[in-house]
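Colleague: If you scroll down you'll find the structure; I have some questions about it.
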Amino acid sequence: MSLHNSLPHSTLEAVCAGVPLVAWPLYAEQRLNRAVLVEEMKLALPMNESEDGFVSADEVEKNLRGLMVSDEGILIRERALAMKNAAKAAMIEGGSSHVALSKLVESWN
């Protein structure tokens with residue numbers, strides 16, 4: 001999956017910085033983004049709404065503490081760091097993103 005084409009820029013920036021996430025969708029495509037981040041990429045914990053559509057303070061606390069101290073949070077933080085390193089490797093000269101951009105520029109000439 002191409003990160004750039006499937007996630008909004010702020011999420012892409014967080015991934016490239018190695019920041020573990022809590023996925024809290026508010027509107028539009030954000031529910032899909034939560035599914036990608038939580039289920040596919042395993043870089044986030046899901047923020048779950050109650051039946052009335054609100055998120056309780058307990059839910060916020062549970063997820064933030066979960067990122068800091070739970071076994072799942074530790075795995076997410078490790079995966080976030082691995083994704084940061086992979087993104088960095090892709091952007092250096094000879095990396096996959098650098099090569100792809102170079103090929104695009106060459107195609108314009």
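Colleague: Need the failing condition index for residue 79 against (1) open to solvent by 80 Å² or more (accessible area, probe 1.4 Å); (2) over 18 Å from the mean Cα position of the chain (by Cα), just the number.
Modeller: Unmet condition: (2).
Colleague: What are the residues in segment 41-66 that are open to solvent by 90 Å² or more (accessible area, probe 1.4 Å), assigned to a loop (DSSP other than H, G, I, E, B) and farther than 22 Å from residue 15 by Cβ, if any? So that I can check it myself, show each step before the final result.
Modeller: Initial filter on segment 41-66 (open to solvent by 90 Å² or more (accessible area, probe 1.4 Å)): 42, 51-52, 54, 58, 62, 65.
Adding the requirement that they be assigned to a loop (DSSP other than H, G, I, E, B) leaves 42, 51-52, 54.
Scanning segment 41-66 gives 51, 52, 54.
Colleague: On the basis of being of a type in the set (Val, Ile, Thr), open to solvent by 60 Å² or more (accessible area, probe 1.4 Å) and out of contact with any Phe, Trp or Tyr (no Cβ under 7 Å at 6 or more places or on another chain), does residue 69 make the cut? Spell out the reasoning first.
Modeller: Details: of a type in the set (Val, Ile, Thr): yes; open to solvent by 60 Å² or more (accessible area, probe 1.4 Å): yes; out of contact with any Phe, Trp or Tyr (no Cβ under 7 Å at 6 or more places or on another chain): yes.
So residue 69 passes the test.
Colleague: Considering only segment 87-102, I want to know if a residue exists there that is in contact with a His (Cβ under 7 Å, 6 or more places away or on another chain) and either within 21 Å of residue 9 (Cα to Cα) or assigned to a loop (DSSP other than H, G, I, E, B) (or both). Give the derivation first.
Modeller: Let us first name the residues in segment 87-102 that are in contact with a His (Cβ under 7 Å, 6 or more places away or on another chain), namely 91-92.
Keeping just the survivors that are either within 21 Å of residue 9 (Cα to Cα) or assigned to a loop (DSSP other than H, G, I, E, B) (or both) gives 91-92.
Checked against the condition, which is being in contact with a His (Cβ under 7 Å, 6 or more places away or on another chain) and either within 21 Å of residue 9 (Cα to Cα) or assigned to a loop (DSSP other than H, G, I, E, B) (or both), segment 87-102 yields at least one hit.
Colleague: Okay, moving on. Do we have residue 91 as touching a Cys at 6+ places or on another chain (Cβ under 9 Å), at negative phi and exposed (fewer than 15 other Cβ atoms within 10 Å of the Cβ) here? Full working, then the answer.
Modeller: Values: touching a Cys at 6+ places or on another chain (Cβ under 9 Å): yes; at negative phi: yes; exposed (fewer than 15 other Cβ atoms within 10 Å of the Cβ): yes.
Taking the combined requirement at face value, the residue satisfies it.
Colleague: Here's a follow-up. Determine whether residue 84 is surrounded by 12 or more Cβ atoms within 10 Å (Cβ to Cβ), without any contact (Cβ under 8 Å) to a residue 40 or more places away in the chain and either of a type outside the set (A, V, I, L, M) or in contact with a strand residue (DSSP E or B) (Cβ under 8 Å, 6 or more places away or on another chain) (or both). Working first, answer last.
Modeller: Values: surrounded by 12 or more Cβ atoms within 10 Å (Cβ to Cβ): yes; without any contact (Cβ under 8 Å) to a residue 40 or more places away in the chain: no; either of a type outside the set (A, V, I, L, M) or in contact with a strand residue (DSSP E or B) (Cβ under 8 Å, 6 or more places away or on another chain) (or both): yes.
Criteria not met by residue 84.
Colleague: Please count how many residues of segment 7-40 are open to solvent by 100 Å² or more (accessible area, probe 1.4 Å) and either in a loop (DSSP other than H, G, I, E, B) or hydrophobic (A, V, I, L, M, F, W, C) (or both). Give the derivation first.
Modeller: Looking only at segment 7-40, we keep the residues that are open to solvent by 100 Å² or more (accessible area, probe 1.4 Å), and these are 9, 13, 24, 26-27, 31-32, 39-40.
Checking which are either in a loop (DSSP other than H, G, I, E, B) or hydrophobic (A, V, I, L, M, F, W, C) (or both) leaves us with 24, 26-27, 32.
Summing the residues that are open to solvent by 100 Å² or more (accessible area, probe 1.4 Å) and either in a loop (DSSP other than H, G, I, E, B) or hydrophobic (A, V, I, L, M, F, W, C) (or both) in segment 7-40 gives 4.
The values are calculated or read from the model by the stated rules, or taken from the named source; none is laboratory data. Owing to the predicted nature of the structure, the values given are computational and were not obtained by experimental measurement. Methodologically, a virtual Cβ is constructed for each residue, glycine included, from the backbone with ideal geometry; neighbour enumeration extends over all protein chains shown. With ligands, DNA and RNA removed, areas are computed over all heavy atoms of the protein, side chains included. Shrake-Rupley method; radii C 1.70, N 1.55, O 1.52, S 1.80 Å.
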